[in-house]
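K.L.:
This is the structure I have questions about; it appears just below.
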Amino acid sequence: MTMRLEMMEAYNDIEEQELYERLRVEVDAGQVPLRVDKYLAEHMPHQSRNRIQTVADAGMLYVNERPVKSNYKVRPGDLICLMIDHAPYDDKIEPEEIPLDVVYEDDQLLVINKPAGMVVHPGCGNYHGTLVNAIAWHLRNNPDYDPNDPDVGLVHRIDKDTSGLLVAAKTADAKTKLAAQFFNKTTRRTYNALVWANFTEDQGRIEGNIARDPKDRLRMSVFPPDSGIGKAAVTHWRVMERFGYVTLVECELETGRTHQIRAHMKHIGHPLFCDERYGGSEILRGERSSSYRAFIQNCFQLCPRQALHARTLGFQHPVTGKRMDFTSEWPQDMKQLVEKWRGFIKGTTREVYEQ
């Protein structure tokens with residue numbers, strides 16, 4: 001039982017852990033400035049002010065999509081959201097007819113190539129149109145598959161705006177055996193990412209515990225391995241191609257923590273290109289010319305999300321034991337982005353690589 005609980009905890013932490021909206025309140029136009037804990041206590045008769053303060057201290061109280069403390073004073077038009085870190089009990093997953101890019105399928109599992117922009121699990125305002133809803137529709141005629149049974153379904157996760165490969169189990173036995181491989185680090189997962197700045201080395205290893213940023217619950221921070229904060233995380237990287245101001249890298253996960261690659265790369269000074277949450281959607285390297293600024297804005301428009309793709313996935317089949325390895329081609333936005341940088345670097349001098 002302990003092993004199973006640990007594996008479930010690891011699964012819940014892999015790549016993306018959702019926050020779920022519990023309550024949404026829009027402040028009236030005529031409201032005078034008032035502490036948010038007092039305001040909510042007056043509008044939520046079944047919740048004490050102390051309880052609301054506890055929620056705020058945990059980083060689960062948001063105003064206008066940003067976490068606030070209990071002494072924040074509400075203003076007319078403010079949108080207050082009270083969040084929880086688990087799905088509401090009445091949140092039932094319904095099949096929805098959404099196209100799926102199925103790379104492989106048999107009676108035990110299916111491997112899916114997820115497009116960027118698709119949420120994996122319902123929650124945090126995205127209760128429909130998710131990958132889980134799409135899988136439920138795809139397997140709607142399978143009498144043994146219940147999308148609301150946590151013992152089947154997705155074995156791991158990737159972020160909404162990350163594209164690439166995922167594996168889902170059709171049976172409880174398959175999910176248990178696949179989850180054990182993720183837990184024991186015997187799977188192989190590599191990602192391709194375009195990150196800001198040039199690397200002085202060709203490859204490296206990033207080790208640092210990952211935990212929620214105390215100032216922003218939607219972002220992760222990195223802490224020293226011996227800090228006792230967060231969970232251990234290790235990312236291996238190697239340079240694939242250099243463009244001076246940005247670098248194309250391959251990242252191999254030794255662990256699978258929430259936002260691991262995004263947080264680790266930010267931590268070492270290489271935020272993912274166009275990763276707004278981790279500071280990569282600003283011009284962090286390069287020239288001051290208007291033409292360069294226009295070039296970067298064009299790049300952001302070509303790939304308006306973090307430039308991260310789950311390219312390979314390898315594991316042992318849960319029944320046959322056969323080694324299975326899958327590769328996913330870059331989606332069009334990443335292809336165009338990399339090609340645009342290749343074109344840019346052809347017209348520059350080698351001085352770019354010293355930036």
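The values are calculated or read from the model by the stated rules, or taken from the named source; none is laboratory data. Predicted model, so just to flag it, every value in this text is computed and none were measured. Don't worry about glycine lacking a Cβ; one is built from the backbone with ideal geometry, like all the others, and counts go over all protein chains shown. Heads up: the accessible areas ignore ligands, DNA and RNA and are worked out on the full protein's heavy atoms, side chains in. Shrake-Rupley method; radii C 1.70, N 1.55, O 1.52, S 1.80 Å.
K.L.:
Of the numbered conditions (1) open to solvent by 90 Å² or more (accessible area, probe 1.4 Å); (2) without any contact (Cβ under 8 Å) to a residue 24 or more places away in the chain, Gln47 fails exactly one; give the number of that condition.
P.N.:
(1)
K.L.:
Ok, one more. Does region 17-43 hold any residues that are open to solvent by less than 30 Å² (accessible area, probe 1.4 Å) and either modelled with pLDDT under 75 or among the polar types (S, T, N, Q) (or both), and which are they?
P.N.:
Within region 17-43, Glu18, Leu19, Tyr20 qualify.
K.L.:
Would you mind listing the strands (runs of 3 or more DSSP E) fully within region 92-199 where at least 2 residues are open to solvent by less than 40 Å² (accessible area, probe 1.4 Å)? Spell out the reasoning first.
P.N.:
Details: elements: 102-105, 109-114, 163-169, 188-196.
Fully inside region 92-199 and qualifying: 109-114, 163-169, 188-196.
K.L.:
How about region 278-313: which of its residues are touching a strand residue (DSSP E or B) at 6+ places or on another chain (Cβ under 7 Å), touching a residue at least 60 places away in the same chain (Cβ under 8 Å) and not aliphatic (A, V, I, L, M)?
P.N.:
Here is the first cut: in region 278-313, the residues touching a strand residue (DSSP E or B) at 6+ places or on another chain (Cβ under 7 Å) are 278, 280, 284-285, 306-313.
Filter once more, keeping what is touching a residue at least 60 places away in the same chain (Cβ under 8 Å): 280, 284-285, 306-313.
Gly280, Arg285, Gln306, His309, Arg311, Thr312, listed by residue number.
K.L.:
I would also like to ask the following. Kindly evaluate Val239 against the criterion of being over 26 Å from Phe300 (Cβ atoms) and surrounded by fewer than 21 Cβ atoms within 10 Å (Cβ to Cβ). Quick ask: steps written out before the conclusion?
P.N.:
Values: over 26 Å from Phe300 (Cβ atoms): no; surrounded by fewer than 21 Cβ atoms within 10 Å (Cβ to Cβ): yes.
Here the answer is no, as Val239 does not meet what is asked.
K.L.:
How about region 44-69: which of its residues are over 15 Å from Lys215 (Cβ atoms) and of a type in the set (Ser, Thr, Tyr)?
P.N.:
Matches in region 44-69: Ser48, Thr54.
K.L.:
From the list Ala168, Ala211, which one is in contact with a strand residue (DSSP E or B) (Cβ under 8 Å, 6 or more places away or on another chain) and within 23 Å of Gln316 (Cα to Cα)?
P.N.:
On the way: Ala211 fails: within 23 Å of Gln316 (Cα to Cα).
Ala168 is the lone residue from the list that is in contact with a strand residue (DSSP E or B) (Cβ under 8 Å, 6 or more places away or on another chain) and within 23 Å of Gln316 (Cα to Cα).
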